[in-house]
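For reference, the structure discussed in these notes is given below.
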Amino acid sequence: MDSKIFWNSYTFMLLVLCSGAAAYDALDPKGNITIKWDVVSWTPDGYVAVVTMNNFQMYRPIMSPGWTLGWTWAKNEMIWAMMGAQATEQGDCSKFRTNIPHSCDKNPAIVDLLPNTPYNQQIANCCKGGVLSSRGKDPSAALSAFQIAVGSSGTTKRTVKLPKNFTLLAPGGGYICGPAKIIRPTLFITPDGRRITRAMMTWRVICTYSQFLASPKPTCCVSLSSFHNGSITPCPSCSCGCQNSSNCIMKTPSGKGVNVPNKVNKAVLQCTKHMCPVNVHWHVKSNYKKYWSVKITITNFNYRFNYTQWTLVVQHPNLNNATQVSSFSYKPLMPNQSTNDTALFYGRKSYNDVLMQAGPKGNVHSDLTLQKDGKTLALKKGWAFPRRVYFNGNLCVMPSPESYPYLPNSAGNR
């Protein structure tokens, strides 16, 4: 299949998916980021609220430099104080002569505090630098929270006006937030489990992700190879677009990478035929009567970006019989309860959970051993290669089936 035809069909598919249900994900249909405001007390001119952000997406994290949450105040509210987060701008607080507010901005932008923040400025689940793990990888790290004291607002449930125009910014973008809706007040249980209190008022905002809105072009591609075939099936040419190929940087002969100026906060890619920031390579290492093995390599071609909390999702009918995974952590995903053909891979903490920028350390890899079931006879007709691959929740471009490395029937009897 011609690469231009493949790219056009890929674009058409994304347009169709994004036209009616821009944020629907067949592998994670209930995935979203839910932001909840719990008013815990009223004050003479407003309220104090605890804001929590839950990443309910199974395999899409929010990486460094983290999230930025924004909204528009309904009236003339301002922020007296915050714990666990801060507004990026103070705004015009000139009308206050004493007791200056934390922020008087009509459209505040809130960011998480860093892990080394003093304890007297922290609350539970704050201060992660805005990084959120995916729920499938680590539910305990998929939560962020901060406390906010709001003034010049209503002082009862009837007089307070909900903020509007919520926005959620993250590396790569792509999030759309709905309106705030009042829900049943949250219940809180004391640590000893003997008393239950409730929020004075609770409202919720749901933000969903659209890959097409994040980037009209794909952001990753897949290449393939096999143990008995000397050729490699590369990523399709211009998988991620070649409009900016003139701005890419050639790899140095020593392989040590290059010095990239930090004047512009934009991706700087290594020159490749596919021009993707990330390449996932699937190599069939061996094939025996009862099992077969694969080597998975993920390579970062971006000279400016480290992928923290990265995730890899692979669809293959034999992943229900994965017996051994080295280097990566592994969890089965079952978007359809009747089938178990999808696996979530991610790095091990402090070992390879960060995919470094382009250069000698810009790759991570793992070996995967799978046991054959009774219906598997041989690795032929492309059966050994994945059906779909997602990196950080984004669908990667696959080679056309006609270009797959040919696997003879005899390979099944090795």
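The values are calculated or read from the model by the stated rules, or taken from the named source; none is laboratory data. Since this is a predicted model, take the numbers as computed values, not measurements. All Cβ positions, glycine included, derive from the backbone under ideal geometry; neighbour counts span all protein chains shown. Only protein heavy atoms, including side chains, enter the accessible area calculation; ligands, DNA and RNA are left aside. Shrake-Rupley method; radii C 1.70, N 1.55, O 1.52, S 1.80 Å.
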Where in segment 124-242 are there strands (runs of 3 or more DSSP E), lying wholly inside it, with at least 2 residues that are open to solvent by 20 Å² or more (accessible area, probe 1.4 Å)?
143-151, 164-169, 175-177, 181-183, 187-189, 196-198, 201-209, 229-233
Say whether the condition of being open to solvent by 70 Å² or more (accessible area, probe 1.4 Å), at pLDDT 90 or above and under 23 Å from the mean Cα position of the chain (by Cα) is met by at least one residue in segment 335-350.
yes
Tally time: how many residues in segment 47-89 are among the polar types (S, T, N, Q), farther than 22 Å from GLY174 by Cβ and surrounded by fewer than 18 Cβ atoms within 10 Å (Cβ to Cβ)?
1
Check segment 88-102 and report whether any residue there is out of contact with any helix residue (DSSP H, G or I) (no Cβ under 8 Å at 6 or more places or on another chain), closer than 25 Å to THR208 by Cβ and not basic (Lys, Arg).
yes
The residue from ASN76, ASN116 that alone is assigned to a loop (DSSP other than H, G, I, E, B) and more than 27 Å from THR156 (Cα to Cα) is ASN116
In segment 365-402, which residue that is open to solvent by 10 Å² or more (accessible area, probe 1.4 Å), of a type in the set (A, V, I, L, M) and modelled with pLDDT of 85 or more is nearest to LEU333 (Cα to Cα)?
LEU395
Tally time: how many residues in segment 304-318 are under 25 Å from VAL354 (Cβ atoms) and open to solvent by less than 10 Å² (accessible area, probe 1.4 Å)?
5
Going by the structure shown, is ASN262 farther than 30 Å from VAL294 by Cα, surrounded by 13 or more Cβ atoms within 10 Å (Cβ to Cβ) and at pLDDT below 90?
no
